[in-house]
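A short write-up of the structure that comes next.
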Amino acid sequence: MSTDVQLLADDMQDHLAPIEPDGAGPDEVHMPPPSIAPIIVGFGAALFLLGLIFPVLFAVGFVVMVVGVWKMAHFPEVDLHPNWLTFLNDRKLGMWVFLASEVMFFSALIGAFVAFKIQEGFEEAHEVLNLPLATVGTSVLIISSFAVVMGLEAIQSGDRRVFRNWMLATLVLGLTFVGIQAIEWAELFNHGIDETTLFGTAFYVTTGFHGLHVLGGVGWLALLLLKARRGDYSAQNNLGVELFGLYWHFVDVVWIVLFTVIYLIH
Amino acid sequence: MDSVMLITFWLMTGAFIGGVVTPVLAADKKVNGWLAMAGGVVVGMIGHIVLLIPVWLGLSRAPRLDDHRPAWQRDAISLNGVRQSAVPTVGEQTQSLAALLRDNFWPRARADRAHSHRQTYVGVFVALALITAVEVAISFWESAPINVAIPLSILSAAKVMLVVLFFMHLRYDSKWYSWIFAFSLPFAIIVLAVLAVAD
C-alpha cells in the first residue's frame with residue numbers, strides 16, 4: 001500500500017464512526033452525550049406560543065426552535081433496546097403517547113366543526129367548496145402514506161436507494177398537498193368566506209391546524225432525508241424512519257376524517 | 001530554477017505596473033515625472049512581494065507529500081475513483097422503464113428471509129384508493145334512500161382502521177401501543193357527544 005493511500009485511510013478513520021459488529025450487546029450501545037438541544041426547542045416553542053400575545057415573539061421563538069431542531073438533527077441515530085420493565089421501545093412509546101394526545105386535540109376541533117354543521121347546515125358553503133380539488137389532495141396524501149411505508153420497507157431490507165426515492169416522493173407529495181390547500185383557501189376567501197363567517201372560522205382553524213401538521217412533517221422529513229444522505233439509516237437502525245412514518249400516517253388519518261366531515265357529508 | 005524565474009517575472013510585472021501608473025497619477029501634482037516613475041517601480045515591486053505572502057502562507061501550510069509525482073498521477077487513485085469503480089455500470093443503458101422503476105422503487109426482499117410486507121402495503125393502498133372513489137361517488141348520490149352520512153362514516157372509519165392497523169403496524173406491534181392509542185378514544189367520543197348536543 002503506497003503512502004498516500006495509507007494517509008487517505010487514516011483520514012477516513014477520523015471521519016467514520018467505528019463499525020460495530022451485528023448484534024452488539026447492550027453494553028456496547030453508544031448513547032449520545034447529554035444535550036441541551038431539547039431544552040432549546042422547548043424554550044423556543046414557549047416563545048412561539050407567547051407570540052399569540054406579543055406578535056414579535058413569533059419570529060424569535062421560531063428561530064430558537066429551528067436552532068434547537070438543527071442541533072437535535074445532529075444526534076446520532078440510536079436504536080434503543082426495549083425497556084427492561086415494559087419490553088417496549090421507549091421512543092416508540094413516547095410517539096404513541098404523543099399521537100394519543102393529538103387524537104384528543106383534533107377530536108376537539110372536529111367535534112366543534114360537526115357541532116356547527118349540525119346547527120347551521122353550511123349549505124351555502126358547500127356550493128363553494130371544491131370537491132374535485134380536495135379529492136386530488138386526499139389522493140396525494142394517501143399516496144404519500146403509501147410512499148412512507150414502501151420507504152420503510154426498503155430501508156428495513158437495507159435498500160438505501162429505494163428508501164431515499166420513496167422519501168423524496170413523500171416530500172414532494174406533502175408539499176403538493178400544502179399547495180392544494182393554499183389554492184382552496186384562496187378560492188374560498190375570494191368567495192367571501194373569511195374569518196367573520198361561522199363556516200370560515202371552523203374551516204380555517206381545522207384545516208389550518210392540519211396543514212401546520214403537514215408542514216411540520218415536511219420539515220421533519222427534510223431533516224430525515226439529510227440524515228439518510230449521511231447514511232444514518234440501515235437495515236439494523238431505522239426506528240427514526242418508523243417514528244416519522246407513524247406521525248405522517250396519523251396526519252393522513254386526520255385528513256381522511258376531515259375530508260369526510262367537511263367535503264362529503266352534507 | 002523555475003521558481004527563481006517566476007519570482008523575477010512577478011517582481012518585474014509589479015515594477016512595470018508601478019512605473020506606468022504612478023506618473024499618470026502624479027501628472028497633476030508638482031512632482032518630477034521621472035522621479036515618480038522611479039518611486040512607482042520600487043513601490044510596485046514591494047507591493048508584489050507583499051502579495052506573495054498569502055501564497056507563501058498557503059503553500060507552507062499545505063500537507064507535505066512524500067510523493068513528488070505530478071498531481072494528475074498522484075491523485076489517480078482517489079476515494080471517488082474507488083467509489084465509482086465499485087458501482088456496476090453493466091447494462092445501465094439498456095434498461096427498460098419497468099426495470100428502472102423496479103430498481104428504484106420496489107423494495108428488496110428481507111435479507112434474513114423475514115416476512116416482507118410489500119404485497120400487504122400495495123393491497124392496503126389499492127383498498128384505500130377504491131374506498132375513496134366509492135365515498136366520492138356516494139356523496140354525489142342525490143336520491144339516496146338513507147342518509148349518506150351513515151355509509152360515509154362507516155367507509156371513512158374503515159379507511160382509518162386500514163391505515164392504523166397496517167401502515168402504522170398496530171396489527172404486528174405490541175398490544176400496548178394499541179391500548180395507548182385506544183385510551184384517547186373515549187375522550188374523543190365524549191368531546192364529540194358534548195359538542196353535538198350543546199346549543
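Using C-alpha pairs below 8 Å separated by at least 6 residues, the relative contact order for chain A is 20 percent. Applying both filters, DSSP loop and at most 16 other Cβ atoms within 10 Å, to the trypsin sites (Lys or Arg not before Pro) of region B:135-199 gives B:R171.
Normalised by the number of residues in region A:114-190, the mean separation of alpha-carbon contacts (under 8 Å, six or more apart) gives a relative contact order of 35 percent.
The order of A:H74, A:H210, B:H68, going from fewest to most other C-beta atoms within 10 Å of their C-beta, is B:H68, A:H74, A:H210. Across peptide B:165-174, the mean count of Cβ atoms from other chains lying within 10 Å of each residue's own Cβ comes to 5. With the cut-off at under 18 Å, measuring from each backbone N in region A:210-236 to a point 7 Å along the Cα-to-Cβ line of B:R108 picks out A:229, A:231-236.
Near B:P107: Cβ cut-off under 13 Å, other residues only, Lys/Arg at +1 and Asp/Glu at -1. The net charge is +4. For chain B, the spread of Cα positions along the three principal axes, ordered from largest to smallest, is 109, 57, 38 Å.
Here the average projected area of the convex hull drawn through the C-alpha atoms of the protein assembly as shown stands at 38.5 nm².
Across chain A, the longest piece that holds none of the chymotrypsin sites (Phe, Trp or Tyr not before Pro) lying in DSSP loops with up to 12 other C-beta atoms within 10 Å covers A:88-266. Treating r as the C-beta distance of A:L50 and B:F187 and R0 as 30 Å, the FRET efficiency rounds to 0.65.
Rounded to the nearest 10 degrees, the inclination of helix B:185-197 to the longest alpha-carbon principal axis of chain B is 70 degrees. Residues B:H169, A:H191, A:H249, B:H115 in ascending order of nearby Cβ atoms (within 10 Å, fewest first): B:H115, A:H191, B:H169, A:H249. A cut-off under 15 angstrom between Cβ atoms defines the neighbours of A:P33, and their net charge, with Lys, Arg +1 and Asp, Glu -1, is 0. Maximal additional length on extending the B:I7-B:W176 stretch stands at 53.1 nm, based on 0.36 nm per residue less the C-alpha distance.
To the nearest ten degrees, helix B:118-139 and the longest principal axis of the Cα atoms of chain B are 70 degrees apart. In the elastic network of chain A, a GNM with C-alpha springs shorter than 10 Å, the most mobile of A:A222, A:A59, A:A37 is A:A59. Quick one: Cα centre-to-centre distance for region A:191-258 and region B:28-44, in angstrom? If we compute the Cα centre of each part, the gap is 72 Å.
Any read-out appearing in this document is the output of simple, stated calculations on the displayed coordinates, not a laboratory observation. Please read these numbers as outputs of a predicted model, since none were measured by experiment. Here the Cβ is made from the backbone with ideal geometry for all residues, glycine too, and neighbour counts use every protein chain on show.
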